[in-house]
Each structure stands twice: as C-alpha cells, then as structure tokens.
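See structure below.
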Amino acid sequence: MNKALITTLATLAYAGPQGTRVAVTLQALHMGMSPSVVGLLNALSFILPMIVSIPAGRIVDRAGVRGPLYFCIALLGLAQLLALAAPSVWTLGFASAVAGIAYVGTTVALNVGVMRIGTPADRIANFSWLTIGISAGFGIGPMTAGFGIDAMGGSGVFGLLALFPLALAGAMAWRGAQLPDKAEGEVRSKVRLLEAVSDRKFRPVLLVSFVNPSLTDMFNFIVPLLAKQAGLSGSIVGTILGCYSTASFIARVALPLIVRRIKHWVAVSNLYIIAGLGLIAFAMVSEPLFYMALAIAIGLSHGMGQPLVMAEFVARSPPGRQGEVMGVQQVAQGGLSAASPVVVGSVGAAVGVAPVLVAAGALLLVASHFARRLQGR
C-alpha cells in the first residue's frame, strides 16, 4: 500500500465528517435556529463519539478494519442525504451525531489498519502519511462546507459533502484490499481493558499520546485570546495559526525522510522541549513576527511528534486489542478537548492568558522527561 493511497483514504475519511460538522452549524444558522439549539446540535458530534469509542474499537478488533469503514461511509452518506432532502432540527441533529461517530470509527479503523501495513520499520513513515491526509481532510471538509453553502444555499451543501463518502467508497472498492483487514496469526490478549491501559509499561505511552492533540486544541483556542489582549487584528491571528498549521504539515512530509536516522522517543522528548519553551516564550513577547516564529517552532514540534507517538501507541497496545485501546484514548482525548477551552478560558479570565501558557509549557517539559525514559523500553 503506497503513501498516496494512505493519504487519499485519510483525506476523504476526515473531510466528510469535518465538513458535515461545519455544515450543520451553518445550515442551522441559515434556518434561523437559536444559538442554544445550534450549540446543542454541535455538541452531539462530540458527546456521542465518547460513548461509542470503546465499542467501536472492539468491533474493529473483532470484525476487521474494512467492514467498520464501509459502515461509517454508508451511515454518513445516509445522514447527509437526509439533511439534504428534509432539513430540520432532527435531521441536522442526526447528521451531527453521525459525523462524530464516523470520525471515531474511521480514526480507530485507519490507525489500526495503517499499523498493519508493511514492516515495523515502515510504521512511522506510514503514520506520517496518515496524519498528512488527516490534516488535508480537516482543511478541505470545512472549506467545502463554507464555500458550498454560499454557492448552493441552504441544504444543498450536504449533497456536495456526500461526494466525500462516495469517493471514499470508490477508493476502498478500488484499492481497499491493500488495507490489511485483520492481523494474520495475532492472538487476542486476554487481559482486561482496565489492566491493559493501567499497565506500568503502557501507561506512560497512553499519557504521552494526549500531548499533541491537546497542544493543538489549546493553541487554536488561546492564540485568539492572547492576540486580543495584544490588540492584534483577525488577519494576524489567522496568519499565526496558519504558520502553525503549515509548519506541522511540512514536518509530516519531512519525517519519512529522516525517521530511520533518529531515536524515536529521544526525538519526541526533544520536540516537546522545543514546544514547551516555545509556549513559555509565547507568554513573554508581543510582536506579531515573534508570534509567527514561535508558532512555526511549535508547529514543527507538533507535526513531527504526533506520527512518532501514534505509531508507538498502536504498536505497544495489547495484541488484538489495538482498536479497543484506541477507543479508550479517544474517550479521554474527547474529554480533554471539551474541558480545555472551559479551563483555559476560566483561568485566563482570572489570572490572564500568560500564566496558562507558562503552565502548559512546563507540562510539556515534564512530558519530555517521560518520553525520554521510554527510549529502549
């Protein structure tokens, strides 16, 4: 399975759910729904995935990768067509919930499937191409929703977004057989789930796996707050966030070229040190150019660190239980993603944004210590 196919599958798999989430919000506002209803519709795409993440992981472990992917494709396509044909609070709510479920299902299935491609030496490069596709999907989906609702008006955008699951189904039918369905000869671990995630050797890997997604969530939320305090314009905020995203993308493209020359956990540790110091420095500057330079440094750290950690996380999961453990990670990560804006916003309102950045940077420095200790284990 080549890198182009991994990237294509990931792009299409994530563009559909992400675009649908944005389209639900835009369509609800277009129909004149109240902010509270819009907020509830949006919450459905985050709450339900936390409930189904672990069962979804178990299904992937037992039924294989391709079946759950096809199910997510069909379910998302159905939800989009219902929102297209009969837009209402009920069909929009269903579409939002399904977008979240499809996101979780494809995340678990693709991570487990990509882990099984090639040899262990190929794993990190494969995960790098996977994260490139994820980044592309996160960008293309919402852009399609935004431009689509302006061009087509109203519910027509869901017909446009339905092309993503349709294209994904076509890609799976064409080359999906190259995505390993089940691991041949793999004996399913009998250890209980709680014991698996609390294992002394696996627990540090699980904790470190939260760092990169949490860093992105916090960075995207806190930069606008910090920029407002500094009196910066919206275009400057967008440029800073764009520097972060672009640097992450470049790092993921470069990683396969150097992955065989580095010690993985030592590299992760060093990247966390760079990101931690970058966040602390972020709290101490006020010039846009400094913000952009630091955003590039932090983005490079995130972009290169995430594939390294993802590959190790899935590889170190109990045999035959990778999907289930990935489900646990998704539940915890979903909770962190939901809580971090509330916590950061509350603390920022009380003591300012700068102390939050310093604390986050310090936590990254602590995480770098744990990551370095994992080398050679």
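The values are calculated or read from the model by the stated rules, or taken from the named source; none is laboratory data. This one's a predicted model, so the numbers in the text were calculated from it and none came from an experiment. Note that each Cβ is placed from the backbone with ideal geometry, even for glycine, and that neighbours are counted across all protein chains shown.
Worth a mention:
- Screening A28 with (1) in contact with a Gly (Cβ under 9 Å, 6 or more places away or on another chain); (2) within 19 Å of A97 (Cα to Cα); (3) crowded, with 18+ Cβ neighbours inside 10 Å gives one miss only, at (1).
- Taking first residues from segment 1-16 that are aliphatic (A, V, I, L, M) and surrounded by fewer than 24 Cβ atoms within 10 Å (Cβ to Cβ) and partners that are modelled with pLDDT under 90 and not in a helix (DSSP H, G or I), the Cβ contacts under 7 Å between residues at least 6 apart in sequence or on separate chains come to M1/I117; M1/L179.
- Complete set of residues in segment 74-102 that are polar (S, T, N, Q) and in contact (Cβ under 8 Å) with a residue 40 or more places away in the chain: Q80, S96
- Residue count for segment 349-364 satisfying the condition of being surrounded by fewer than 18 Cβ atoms within 10 Å (Cβ to Cβ) and within 22 Å of the chain's Cα centre (by Cα): 1.
- Among (1) in contact with a Gly (Cβ under 9 Å, 6 or more places away or on another chain); (2) surrounded by 21 or more Cβ atoms within 10 Å (Cβ to Cβ) - the single one V52 does not satisfy: (2)
- Among the residues of this structure, T216 does not count as one that is hydroxyl-bearing (S, T, Y) and at pLDDT 85 or above.
- Taken residue by residue, segment 328-342 has no member that is surrounded by fewer than 24 Cβ atoms within 10 Å (Cβ to Cβ), in the same structural domain as V223 (by TED's automatic domain parsing) and in contact with a Lys or Arg (Cβ under 8 Å, 6 or more places away or on another chain).
- Checked against the criteria, A121 counts as outside the structural domain of G305 (by TED's automatic domain parsing), over 21 Å from the mean Cα position of the chain (by Cα) and either exposed (fewer than 15 other Cβ atoms within 10 Å of the Cβ) or within 20 Å of A83 (Cα to Cα) (or both).
- Restricting attention to segment 44-66, the residues that are under 24 Å from R21 (Cα atoms) and free of Cβ contacts under 8 Å to residues at least 24 places away in the same chain add up to 1.
- When each of L130, L168, L160 is tested for being free of Cβ contacts under 8 Å to residues at least 24 places away in the same chain, touching a helix residue (DSSP H, G or I) at 6+ places or on another chain (Cβ under 7 Å) and either of a type outside the set (G, A, S) or surrounded by 17 or more Cβ atoms within 10 Å (Cβ to Cβ) (or both), the lone residue that passes is L160.
- Yes/no for I124 being modelled with pLDDT of 85 or more, assigned to a helix (DSSP H, G or I) and more than 24 Å from N42 (Cβ to Cβ): no
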